[in-house]
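Read-outs: derived from the displayed coordinates by stated rules, not from any lab. Since we're looking at a predicted model, the values are computed, not measured. Cβ sites come from the backbone with ideal geometry, for glycine too, and all protein chains shown count toward neighbours.
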Amino acid sequence: MTRPVCVSCCAEMRCHKNSRAVEVQVKGRGYQVWSGDEYQCPSCLVRVVTGWGRQPMAETFMSSYVVIVSEELEAGNLIVLREDAT
Ligand SMILES: [Zn+2]
């Protein structure tokens, strides 16, 4: 079994979108962008991102960081993970 399971529905989730970009932010500032696969429960439609690569796509010290974030944002493919959110 490699796919996530929805606890509420006892159902295996299905891959909804490959290569979803997730920017990790602390105090409103991004420092890493990761790529993962987005899965969705076929019953309640809740979605999760999992299946991360071994390394982030980019980190702030890389010159490519701003370009990657801009491209993923324009493509509507970027979500933000606020690590300091409760
Ligand atoms: Zn569900």
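For residue 67 and residue 14, what does the FRET efficiency come to when R0 = 25 Å and r is the distance between their Cβ atoms, rounded to the nearest 0.05?
It comes out at approximately 0.20.
How long is the chain along each principal axis, judged by its Cα atoms, biggest number first, in Å?
So the three principal-axis extents are 43, 27, 24 Å.
222 nm [θ] for the chain, helices only, -39500 (n - 2.57) per DSSP H run of 4+, per residue, to 500?
Calculated at 222 nm, the ellipticity per residue is -3500 deg cm²/dmol.
In whole Hz, what ³J(HN,Hα) sequence does the range 63-76 give by Karplus (6.51, -1.76, 1.60; θ = phi - 60°), x for Gly and Pro?
In residue order, the calculated couplings are 5, 7, 4, 5, 5, 5, 4, 4, 5, 5, 5, 4, 7, x Hz.
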